[in-house]
Each structure stands twice: as C-alpha cells, then as structure tokens.
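The values are calculated or read from the model by the stated rules, or taken from the named source; none is laboratory data. Just so it is clear, the model here is predicted, and its values are computed rather than measured. Using ideal geometry, Cβ is built from the backbone for each residue, glycine included, and neighbour counts are taken over all protein chains shown.
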Amino acid sequence: MKFDRFARRKILSHTVTVLAGLTIVAVLYPLVDIIYVAFLHGGAVLFQATFLTARNPTPCSIVSCATVGIAPDIEGTAAMVGLAALISVPIGLLAAICASEYRTGVFGRAVSFTADVLSGVPSILMGAFVYGYLVLVNPALVETATSGALALSAIMIPIVTRTTEEALRTVPNSMREAAIALGISKWKMTMRIVLVSALPGVVTGVLLAVMRATGEAAPLIVTVGFSNLPFDSLSAYSRPAGSLPVLIYQFALSPYSNWLSLAWGAVLFLLIAILVVNVLSRYMIHRMTVRMSGGS
C-alpha cells in the first residue's frame, strides 16, 4: 500500500473536519440543552393567555394555583435597559472614537486600557459602586429604577467602547488619508466616513451590550430591589421596579409552586426574546454590510 503525501493530506483534512464538527456540537449543546429544559418546564406557562399582560401572582403551594403573568417585569426591564442604552451608547461611542482615532496619544491609550479593565469587572461590583455613589450623592435615587439603569449603563459602556474601537480600527487608513487630502477636517472625517464605514460593527457592539444588560440580575438586586407594580409613567423611575432577571432569581429560589412555574416561563420568554433579537439584528447587519459594499 502506497502511503503518499496526498493520502496524508486527505486524512489530516478529514481529521480537522471531524474535530471542527465536534467543537460545534460542544458549543451548541449547552444552548440547546438550556432551551430544551426551559421549554420542558416553562412552555405551558408561556402560552397562557395572561402571561405577558398580567401582574405577578401571590405565593401559593397548591397544584391549581394561578401563575398569572410577568407584565410589570417586562416593562421594568425594557425601561431600565432603554435608559441605560441612552446613557451608555453616546459615552461609549465617544470613548471608542478617542481610543481609536487618537490611540497614539496618552489619553487615547488610557481610555482603551480603562475600557479593558472595566470589561472584566464583575457586574455585582458595578451595582455596588453605583449604590455607594448614590448613597453619598443623592440617597433619594437608591432602590429606584434610575439607579438600576445607571448600574446597567456602567456595564454597557466598556462593552460599547471596546467593540466600537475594534470596528473603527478595521477601517483602512487610506480612507482617512484620502479624506484629509481632500481638505475635510478630522472630526468630520471621523463622524461621516470612519464611523459610517464601521457602522455594522458599531451596531453589533451596541446590541451585545444591550443583550448583556438585559440578562443581568446582580447589579439590579443591589440597586433596585424588586417590585410588581406596573411601570406606567415617568414617575416610575423614582421607585423600585420589577425586572425579568431579578424575578427569575427570586422566584426560582422560592418554595411556592406557582412562583417556580413563573420563573421557568420568564426564563423561556427571555431566551426567545434574546434569540429573536440576535437573529433579526444579524440579518439587518448583513443587509447593511451588503448595501454599503455595493452588493444587491
């Protein structure tokens, strides 16, 4: 049997293919398993008519107890994450522009290094920092939806900064040089050419930060607490608010059967919402990239 170089390459190719397939399975298995278990325990609760519109139930250990819904927690999560995005996205974009376009300077390197450090800080420490800062500055904001939004924004800012910085650095320097050669000022070149060229990466970074904040419970436990009151007006930012991560944490540890069922339903709802947003956003970013590259 002749064992030539072509045979060795073919065996190596098949081996790498099998290893790559096993790696994909290893990566997808936890996600599939989590979704399966969530469907198994929370599927019946999720498809109840009042699950997305009613308030949380009173605790009950009887089998026939009503599980009702998670409407206040959806409202609170959307409000706090939305306010956190309004705070963190402009700050993160400006910090990323400074770190990318002025990276040769001391200030630009300091911003990039700070974003790297903050990205690794545990989220509960972010919540404790915001809580301690508000106690010293304005105790009236402690245990309110506003303090929760500030804690989430502290988590989102370094994520937006780092992902946007990397996206801006992928823009070729030739585009910057061509714009400067045409007499465009540096800030206009940055905002109208560099930032627009890196827009798909910027949007990806913002969505990553939003998805990370949506699932965070630790900073909200420290800063907001929990409430099942409807989030019906701007005044709701001045009192505790419900949120899906905190509801899952508290109800999953409770001994009441209807709260446990509601927690599984909330887990399944949060998983589906994040998956849908990720799929739609990736499709939109793909279309945006094709359109910017001149494709059809």
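Odds and ends about this structure:
- Of the residues making up segment 189-217, just one is closer than 29 Å to V246 by Cα and free of Cβ contacts under 8 Å to residues at least 40 places away in the same chain, namely A217.
- T77 being without any contact (Cβ under 8 Å) to a residue 40 or more places away in the chain and of a type in the set (V, I, T): no
- So T170, is it under 23 Å from the mean Cα position of the chain (by Cα) and closer than 27 Å to L125 by Cβ: no
- Every condition in (1) aliphatic (A, V, I, L, M); (2) free of Cβ contacts under 8 Å to residues at least 24 places away in the same chain; (3) farther than 16 Å from T223 by Cβ holds for L136 except the one numbered (3).
- For P255, the test of being at negative phi, of a type outside the set (V, I, T), surrounded by fewer than 19 Cβ atoms within 10 Å (Cβ to Cβ) and not in a helix (DSSP H, G or I) is passed.
- Any hit, segment 271-280, residues being in contact with a helix residue (DSSP H, G or I) (Cβ under 9 Å, 6 or more places away or on another chain) and buried (at least 20 other Cβ atoms within 10 Å of the Cβ): no
- Segment 226-238 residues that are free of Cβ contacts under 8 Å to residues at least 12 places away in the same chain, paired with ones that are acidic (D, E) (beta carbon under 7 Å, 6 or more apart): none
- Single unsatisfied condition, V25 versus (1) assigned to a helix (DSSP H, G or I); (2) closer than 30 Å to L260 by Cβ: (2)
- Criterion: surrounded by 19 or more Cβ atoms within 10 Å (Cβ to Cβ) and modelled with pLDDT of 90 or more - qualifying residue of A79, A20, A26: A79
- Every residue from segment 96-153 that is assigned to a loop (DSSP other than H, G, I, E, B), among the polar types (S, T, N, Q) and surrounded by fewer than 17 Cβ atoms within 10 Å (Cβ to Cβ): T104, N138
- For segment 173-208, the candidate set comprises residues that are more than 30 Å from the chain's Cα centre (by Cα) and buried (at least 16 other Cβ atoms within 10 Å of the Cβ); within that set, the residue that is farthest from R282 (Cα to Cα) is A179.
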